[in-house]
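Engineer: The structure follows.
The values are calculated or read from the model by the stated rules, or taken from the named source; none is laboratory data. None of these values were measured; they are calculated from a predicted model. We place every Cβ from the backbone using ideal geometry, glycine too, and count neighbours over all the protein chains shown.
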Amino acid sequence: MDLIDLFLSEPKRVDRHTRRLTNRDAQPEDREASARWLAENRQPRAIAGLISRFDMNLDHQLKDQAEKEALYALLVSLGPDVVLHALESWLKHCKQFALPLRLLGELASRARAIDVALELLAAEARRDDFKAAKKKELLVWFSDVRDTRLVTAAAPLLRDFDEGVRYAAAEVLLAQPGDASVPALVAVMIDPKEESNRLRLRIADALSTRRVDVVAHGASPDRLPPGFTLRDGRLARSGA
């Protein structure tokens, strides 16, 4: 215990170590010492302080990654009984989702992590502000998830104001098995109001590879992205 801790109440000690852990100007060994102190405390407030380090980034990416992986291992070692409640509470308002969701998957289950991530994506989709970062990060996290619920969850984000969100939503939908996402994807591909040629071309390229009958979903020769034509209702590269 640091000398100054002797003169502070328990909540103030937790806050002090949380501030030091998340201070990018602190010495690495001081951040490590605070992480150990919070882990040994084991109380929900201390565990939340530990998890909050995931939201802070150091300028040196390799050092930042190493610290976060060490913190991740520390949290895993504490076990689900100590960490899960604080972790699920933190996920509701954190800035960066990747490591907390990975931790949730390890301490609870992959299925629980997907359920929580779907709840978070729905909450972000309902927001009426112009902040796109969280939506994009969640969609990137979903890029290797196969779940029929993602068709309903990601399709509305094909109309998001942010091109990066729309593109990430398309990638999630294209990764899902079956054709349930095809109508929404074709609608974007043929929409003259869609300003992103990158998005329209990505959808067209994927649907042509899958040999989807896009005419059945409203595609016509005059509404295709540049470089594509129709053959027997399916997309093909012009001149190919």
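Engineer: Do the conditions hold for PRO221, that is, is it farther than 29 Å from ALA98 by Cα and free of Cβ contacts under 8 Å to residues at least 12 places away in the same chain?
Structural biologist: yes
Engineer: Inspect all residues belonging to the stretch 131-143 and state whether any of them is among the polar types (S, T, N, Q), free of Cβ contacts under 8 Å to residues at least 24 places away in the same chain and either in a helix (DSSP H, G or I) or more than 16 Å from ARG200 (Cβ to Cβ) (or both).
Structural biologist: no
Engineer: If I filter the stretch 147-163 down to residues being in a helix (DSSP H, G or I) and of a type in the set (A, V, I, L, M, F, W, C), which single residue comes out as nearest to ARG200 (Cα to Cα)?
Structural biologist: Only one residue fits best here, namely LEU158.
Engineer: So, in the stretch 108-140, how many residues would count as being among the small types (Gly, Ala, Ser), closer than 14 Å to LEU150 by Cβ and in contact with a Lys or Arg (Cβ under 9 Å, 6 or more places away or on another chain)?
Structural biologist: Total satisfying the criteria: 2.
Engineer: Would you mention how many residues in the stretch 13-22 are free of Cβ contacts under 8 Å to residues at least 24 places away in the same chain and within 27 Å of the chain's Cα centre (by Cα)?
Structural biologist: Number satisfying all stated conditions: 2.
Engineer: Also: Only one of ILE51, ILE4 is of a type in the set (A, V, I, L, M, F, W, C), assigned to a helix (DSSP H, G or I) and modelled with pLDDT under 95; which?
Structural biologist: ILE4
Engineer: Can I ask one more? Could you look through the stretch 29-42, keep only residues that are over 27 Å from the mean Cα position of the chain (by Cα) and of a type outside the set (D, E, K, R), and pick out the one that is surrounded by the most Cβ atoms within 10 Å (Cβ to Cβ)?
Structural biologist: SER34
Engineer: With within 20 Å of the chain's Cα centre (by Cα), hydroxyl-bearing (Ser, Thr, Tyr) and surrounded by fewer than 18 Cβ atoms within 10 Å (Cβ to Cβ) as the only criterion, which of SER89, SER77 stands out?
Structural biologist: Answer to the selection: SER89.
Engineer: Please work out which residue is surrounded by the fewest Cβ atoms within 10 Å (Cβ to Cβ), limiting yourself to the stretch 57-73 and to residues that are more than 22 Å from VAL116 (Cα to Cα) and in contact (Cβ under 8 Å) with a residue 24 or more places away in the chain.
Structural biologist: Looking at residues that are more than 22 Å from VAL116 (Cα to Cα) and in contact (Cβ under 8 Å) with a residue 24 or more places away in the chain, I get ASP59.
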